[in-house]
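This report concerns only the one structure given below.
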Amino acid sequence: MLNYIWLGLMVVSVLTAAITGKMAAVTQAAVDYGKTAVDISLGLIGVMALWLGIMRIGEKSGLVTLISKGLHPVMKKLFPGIPGDHPALGAIVMNLSANMLGLNNAATPLGLKAMEELQSLNSIKERATNAMVMFLALNTSSVQLIPATVIAILVASGATSPTDIIITAFLATIVSTVSAIVAVKIIELFQTKKETVQ
């Protein structure tokens, strides 16, 4: 569906440019912003390589397992249906750690692994479990302590104070994460009451 939306936007843009006589401006903008996208992407390679390496070292050294044990009480409250020694908890911790460091691209494969592990615990494969919904809500709320990717983009774009965003990002993270957790818990409560009535 999303492919059709993007296709529609491009077709409407090209038709509008052709009708208004601004096709040359659209072509020039496509070339200019294509160059800008490549410049920004190249600027991100170093930051992404650094943090992906740190995450890999943390995984191999057992640091992720240690963090997982430290976060165990919190994880048990958020994900009560997951057994304490299940690999899903480790995958969730790694994904949330990558998100906290602002490494959205690095967090994606970790998130897919976490969902795969959560699906292995799912008795009704066609329906998401409460743990899956909570995990998805936490990911959507964008738990971030250090927005490393955004800082790298600001640096690549020539910003004079790229780290000024840290405090605002942290406050936004607190509000969005608390809202996500509360929303999921309320929906779980309604779902439990509905299943009890049936």
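Given R₀ = 41 Å, FRET efficiency for K35-K69 by Cβ-Cβ distance, to 0.05? Intermediate results must be reported in sequence, preceding the final value.
Working: r = 47 Å, r/R0 = 1.15.
Between K35 and K69 the formula returns 0.30.
Only one of the values (i) 32, 20, 14; (ii) 37, 25, 16; (iii) 71, 20, 15 was calculated from this structure for semi-axes √(5λ) of the Cα gyration tensor in Å; name its label.
After the calculation, the listed value that fits is (ii).
Per-residue counts of other Cβ atoms within 10 Å, averaged by peptide: what ranking do you get for 108-117, 151-160, 31-40, highest first?
Ranking, from highest mean packing down: 108-117, 151-160, 31-40.
Which one of L15, I187, A29 has its Cα pushed farthest toward the positive end of the charge dipole of the chain, where Lys and Arg give +1 and Asp and Glu give -1 at the Cβ?
The one lying farthest along the dipole's positive direction is I187.
Show me the ranking of peptides 124-137, 183-196 by mean Cβ neighbours inside 10 Å, starting with the highest.
124-137, 183-196
Return the calculated 222 nm mean residue ellipticity for the chain, to the nearest 500 deg cm²/dmol, obtained by summing -39500 (n - 2.57) across DSSP H runs with n ≥ 4 and dividing by the residue count. Don't skip to the answer; put the middle values down first.
Numbers: 9 runs with 157 residues, N = 198.
Helix-only estimate at 222 nm: -26500 deg cm²/dmol.
Given a 10 angstrom Cα cut-off, can you work out which residue in G81, G21, G46 is the most mobile in a GNM of the chain?
Checking each option, the largest mean-square fluctuation is seen for G21.
Throughout, read-outs are computed from the coordinates displayed, never taken from laboratory work. Remember, predicted model here, so these are calculated numbers, not experimental data. So basically every Cβ, Gly included, is an ideal-geometry build from the backbone, and we count neighbours across all protein chains shown.
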